[in-house]
Amino acid sequence: QVQLVESGGGLVQAGGSLRLSCAASGTIFRFNNMGWYRQAPGNQRELVATITPGGSTNYADSVKGRYTISRDNAKNTVYLQMNSLKPEDTAVYYCNLKRSMDYWGKGTLVAVSS
């Protein structure tokens, strides 16, 4: 059974940084596409960043140059380094694993104050 557990969210001032982590279990992690999504109040869940097993990355335009997704296959963990945070980055951030279906973590709240 696949499980994803996010951590690292919190309250930060605009311009600050946070690093989110997502620990995966129940899967051969190194073979899986991983991603981060976010959902702000009243909005739909949106893609933030993805990373393939080979390390190729993709970012939403709104976070390019500020966020970095990475993975450590030895630790079964994917990370999201978030720099230069803005109030509009405030959302619940979800870890995603893609196999024949999507798996989701429970999310971690990131709140950016102005």
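The values are calculated or read from the model by the stated rules, or taken from the named source; none is laboratory data. All of these numbers come straight from a predicted model, not from anything done at the bench. A quick note on method: Cβ atoms are made from the backbone with ideal geometry, for glycine too, and the neighbour counts reach across all protein chains shown.
Structure notes:
- Scan of region 91-102 for residues that are in contact (Cβ under 8 Å) with a residue 12 or more places away in the chain and surrounded by fewer than 18 Cβ atoms within 10 Å (Cβ to Cβ), ordered by number: 98, 99
- Candidate set: region 90-114, residues that are polar (S, T, N, Q) and either under 16 Å from residue 25 (Cβ atoms) or assigned to a strand (DSSP E or B) (or both); chosen: the one nearest to the chain's Cα centre (by Cα): 96
- Residue selected from region 1-46 under the condition modelled with pLDDT of 95 or more and aromatic (Phe, Trp, Tyr), by the criterion farthest from residue 91 (Cα to Cα): 36
- Filter result for residue 71 (modelled with pLDDT of 95 or more, more than 10 Å from the chain's Cα centre (by Cα) and under 21 Å from residue 55 (Cα atoms)): yes
- Residue check: residue 102 meets all listed conditions (1) among the charged types (D, E, K, R); (2) within 16 Å of residue 19 (Cβ to Cβ); (3) at pLDDT below 95 but one, namely (2).
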